[in-house]
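Taking it in order: structure first as structure tokens, then the write-up.
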Amino acid sequence: MNRITVVGVGLEVGQLTFAAAEALTGGARVILHTAHIGCAQWLTDKGVSYETLDELYERIEDFDEHARKAAEHVMEAAQRSNVVYAVYDVRDRSVCALNALGVRMEVIAGPSVEGALLAHLDGATRMLEASDWESFRLSAMDNALVRELNSRELASEVKLKLMECYPDETRCLVLMGDGSVARAPLYDLDRLKGYDHRCCALIPAQRDLMQLERFGFDELVQIMRILQGPGGCPWDREQTHESLRTCMLEETYEAIDAINQGDMDHLYDELGDILMQVVMQAEIARRHGEFDISDSITAICDKMIQRHTHIFGVDSAGNADEVLDLWTRNKMKERGQKTYAEVLREVGHSLPALLRGRKLIDKAARAGVMQADAQAISRDAAERIELAAGSDDAERALGEALLMLCALARVKKVDPEIALNEAADRFVERFAELEEALREQGTPLPAPEARAEEYWDRVKL
């Protein structure tokens, strides 16, 4: 293949560098990504012939396909002669596509398309391409510089995405296709004139937390650092890993209540409370030099990749049960566990007893050691309940009966924790009905001992 030289020529002829001009007039085959750049007329005036890829703009709407076809055209041309490929900015997607194809090329950078907007940058800036609006990763604490707002429709999509992060009233600077710079609030980003591939927008950072309407994870971490930092909240600064244990448990139970009630408004709020607990614990650890939130995120990402080897590796799993078996094997390998007894012993003692029992039964079943006959398990549970009624060691017998009920719940695909909670709720309602009926009869609780059995029959489930 002959030599390929990629040249950034800018938007206007006055932006041509000496190196770019020399390459364009050096006798190689000249291909312009588009004729709508300043050097096109300059080449004509110099008597330099060129071809353009404007036909691709008219024929192909998908940006990635357009870039791929442009790269392929340049490669084909280089089979016959040296090629100078002129783009207004060397960050063009077609140049990325050439790189992806493994093409060796010389690059003459030239000016950036953002031009004068760069003079207004202050601090970190996220450089974005408008056509990628669906995958923008934004933070209000950073500037956003969006290139190639080539249509009003695209500007509208970009605006809505940006407004998920930046306040609607944010004052933006917009470099229009004619080189002029317009100022407009973010909500008017799609109401300007003159959109084309040269149009860029600078959305300045909003670092005043009080001005934000929506927040991202970065802002949550920043808020927690302020609260726990010098001059922060006295209560937050006093907290420790140990003091927050109950808070984390309570927030988790409240989220579970929201799920049980099907209350999505309540659920998103409670999930935020759980996330706050996570960030708070991580900030305490960071202050004491133990770890920070990025360590926690790295740990869970690594865990998800290492244990989902049917997605990120060579294993296969056709259903949920096979996935759980694979998860167990990968977890054992990761932790160097040789026996399933080690797996059972690591189930936390701090879990509620019923939840711990369910997890133990489930792990025993994964090892192939568990009765699968619901009737047989029911008989085992009944035997232990009967034994408890006439035994001096009722605690042991009842404990074993409860464990057998966990095994029955697994076979019937029931969560025993949820089942017991729902039964408790029903019991409370039955009790309330009984008490109301007794009150109407003039017999309020507590009831006479002689009638206890009668009343129990009316409230038991």
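The values are calculated or read from the model by the stated rules, or taken from the named source; none is laboratory data. It should be emphasised that the depicted structure is a prediction, and the values quoted were computed from it without experimental measurement. Counting neighbours? That spans all protein chains shown, and the Cβs are built from the backbone with ideal geometry, glycine included. SASA here: full protein model, heavy atoms, side chains in, ligands and nucleic acids out. Shrake-Rupley method; radii C 1.70, N 1.55, O 1.52, S 1.80 Å.
Just so you know, in the stretch 308-337 the residues that are under 30 Å from residue 402 (Cβ atoms) and among the basic types (Lys, Arg) include one that is least open to solvent (accessible area, probe 1.4 Å), and it is 331.
Residues that are surrounded by fewer than 19 Cβ atoms within 10 Å (Cβ to Cβ) and either touching a residue at least 40 places away in the same chain (Cβ under 8 Å) or assigned to a strand (DSSP E or B) (or both) were ranked within the stretch 140-153; the one that is nearest to the chain's Cα centre (by Cα) is 141.
The set of residues in the stretch 419-443 that are surrounded by 14 or more Cβ atoms within 10 Å (Cβ to Cβ), within 41 Å of the chain's Cα centre (by Cα) and aliphatic (A, V, I, L, M) comprises 419, 420. Only residues that are touching a residue at least 24 places away in the same chain (Cβ under 8 Å) and surrounded by 14 or more Cβ atoms within 10 Å (Cβ to Cβ) were counted in the stretch 30-49, giving 11. Can you tell me which condition residue 446 does not meet? The list is (1) of a type outside the set (Val, Ile, Thr); (2) in contact with a Cys (Cβ under 8 Å, 6 or more places away or on another chain); (3) open to solvent by 90 Å² or more (accessible area, probe 1.4 Å), and all the others hold. The failed condition is (2). Residues in the stretch 35-50 that are of a type outside the set (Gly, Ala, Ser), in a loop (DSSP other than H, G, I, E, B) and either under 11 Å from residue 9 (Cβ atoms) or more than 43 Å from the chain's Cα centre (by Cα) (or both): 37, 46, 48, 50. Can you tell me which residue within the stretch 113-139, out of those that are buried (at least 17 other Cβ atoms within 10 Å of the Cβ) and either farther than 17 Å from residue 203 by Cα or among the aliphatic types (A, V, I, L, M) (or both), is nearest to the chain's Cα centre (by Cα)? Ranking the candidates gives 138 first. For residue 67, the criteria (1) crowded, with 20+ Cβ neighbours inside 10 Å; (2) within 44 Å of the chain's Cα centre (by Cα); (3) in contact (Cβ under 8 Å) with a residue 60 or more places away in the chain hold in every case but one, which is (3).
Screening 225, 237, 214 for residues that are open to solvent by 50 Å² or more (accessible area, probe 1.4 Å), farther than 30 Å from residue 422 by Cβ, basic (Lys, Arg) and outside any helix (DSSP H, G or I) leaves exactly one candidate, 214. Give me the residue from the stretch 91-107 that is in a loop (DSSP other than H, G, I, E, B) and modelled with pLDDT under 90 and, out of that set, most open to solvent (accessible area, probe 1.4 Å). Here the residue is 104.
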